[in-house]
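See below for the structure under consideration.
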Amino acid sequence: MSKCSWALSSPQMENYHDAEWGVPVHDDRLLFEFLVLEGAQAGLSWSTVLNKRENYRQAFDHFDPETVARYDEQKIEELLQNPGIIRNRLKVQAAVANAKAFLAVQEDFGSFDEYIWRFVDGVPVVNHWRTLEQIPVSTRVSEILSRDLKKRGFKFVGSTICYAHMQATGMVNDHTIDCFRHAEIINQYPLPEEEE
């Protein structure tokens, strides 16, 4: 069974690829988790973050945005002493700022899901890449999303981070066409029925 070449770097990456990457996510808590983790990844490899994911869940109260939004300086200092996460002050502060901005988006749109999926008209973009090298690191849509998130007070949401978030949460299907997950995701998560 063929799969994206990047997935073969470790059992953990393979499991993430086979079970999560590219699956449409509509759960706000999980969308917030990916937002924090993608921001933490900036300048590092995804496998580094994936290895620390469980530690992050424990340290950040299972990514409950309401709880994270209330973190004070003392809590930030405590997190910066935690060897289980990436101890970068700006990234930890960004997670707190993003929780606050996330709650504001929920207030404005009813849910973060409702807000973010508008950028792809509520439907996953299905790409047909033959090789890993063809997959872009950002797109026009991720640029627009990045600008809008920044305007709303989000941090560590550059265009490349936004595109990684879109890939992870299934807003785009960037599995290569020879990968078994490319078709599987399309078949398991059919597009919403068009209204008459």
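In nm, to one decimal, how far is the modelled label at Lys151 from the one at Leu103, with both set 7 Å along Cα→Cβ?
So the label points at Lys151 and Leu103 sit 2.4 nm apart.
Less than 14 Å Cβ to Cβ from Gln188, Lys/Arg counted +1 and Asp/Glu -1: what total charge do the surrounding residues give?
Result for the local shell: -2.
Work out the charge dipole of the chain with +1 on the Cβ of Lys and Arg and -1 on the Cβ of Asp and Glu about the Cα centre, then indicate which of Gly22, Val157, Leu79 is farthest towards its positive end.
Leu79
Within the chain, which is the longest segment that contains none of the trypsin sites (Lys or Arg not before Pro) sitting in a DSSP loop with at most 13 other Cβ atoms within 10 Å?
Formally, the longest exposed-site-free interval is 1-69.
Mind putting a number on the dipole of segment 1-88 about its Cα centre? Charges go on the C-beta only, +1 for Lys and Arg and -1 for Asp and Glu, and I need it in Debye to the nearest 20.
Its charge dipole is roughly 320 debye.
Kindly write out, for segment 2-19 in residue order, the coupling ³J(HN,Hα) from the Karplus curve 6.51 cos²θ - 1.76 cosθ + 1.60 (θ = phi - 60°), rounded to whole Hz, with x marking Gly and Pro.
After applying 6.51 cos²θ - 1.76 cosθ + 1.60, I find 7, 8, 3, 4, 5, 6, 8, 6, 6, x, 5, 5, 5, 5, 4, 4, 6, 9 Hz.
Leaving out ligands, DNA and RNA but keeping every protein chain, what accessible area does Leu31 have, in Å² rounded to the nearest 10, with a 1.4 Å probe?
Answer for Leu31: close to 0 Å² accessible.
Share of segment 49-124's accessible area from carbon and sulfur, percent, 1.4 Å?
Working: 1630 of 3810 Å².
Answer for segment 49-124 is 43 percent, counting heavy atoms of protein chains only.
If I model a spin label as a point 7 Å beyond the Cα along the Cα-Cβ vector, how far apart are those points for Ser111 and Ser10 in nm?
The answer from the label model is 3.2 nm.
Skip the ligands, DNA and RNA, and give the accessible area per residue of the chain with a 1.4 Å probe, whole Å².
51
What is the dipole size for segment 80-145, taken about its Cα centre, with +1 at each Lys and Arg Cβ and -1 at each Asp and Glu Cβ, in debye to the nearest 20?
Its charge dipole is roughly 420 debye.
Using unit Cβ charges (K, R positive; D, E negative) and no other charged atoms, how large, in debye to the nearest 20, is the dipole of the chain about its Cα centre?
Using only the charged Cβ atoms, the result is roughly 1000 debye.
Amide H to amide H under 5 Å from Val126: which residues, 5+ apart in sequence or cross-chain, H placed 1.01 Å off N in plane?
Asn173
Calculate the length of the line joining the C-alpha centroid of segment 9-27 to that of segment 57-108, in whole Å.
Centre-to-centre (Cα) distance: 23 Å.
Full-extension gain between Arg130 and Leu80, please, as 0.36 nm times their residue separation minus the C-alpha to C-alpha distance.
13.8 nm
Does anything in segment 75-117 have its amide N under 12 Å from the 7 Å Cα→Cβ label point of Gln58, and if so which residues?
82-85
Tell me, what HN-Hα J-couplings in whole Hz come from the Karplus equation 6.51 cos²θ - 1.76 cosθ + 1.60 at θ = phi - 60° for each residue of segment 112-121, using x for Gly and Pro?
5, 4, 4, 5, 6, 6, 4, 5, 10, 6
Below 23 Å Cα-Cα, how many Lys pairs turn up in segment 32-160? Only count pairs eight or more apart in sequence, or on different chains, if you could.
Lysine pairs satisfying the spacing and distance rule in segment 32-160 number 13.
Please work out whether segment 65-109 counts as rounded, prolate or oblate from its C-alpha gyration tensor, where a ≥ b ≥ c are the square roots of the eigenvalues and a/c under 1.5 means rounded, while otherwise a/b larger than b/c means prolate and anything else oblate?
Taking the square roots of the gyration eigenvalues as a ≥ b ≥ c, segment 65-109 is prolate.
The values are calculated or read from the model by the stated rules, or taken from the named source; none is laboratory data. For clarity, every value in this text was computed on a predicted model and none was experimentally measured. We place every Cβ from the backbone using ideal geometry, glycine too, and count neighbours over all the protein chains shown. Note: areas computed on protein heavy atoms with side chains; ligands, DNA, RNA excluded. Shrake-Rupley method; radii C 1.70, N 1.55, O 1.52, S 1.80 Å.
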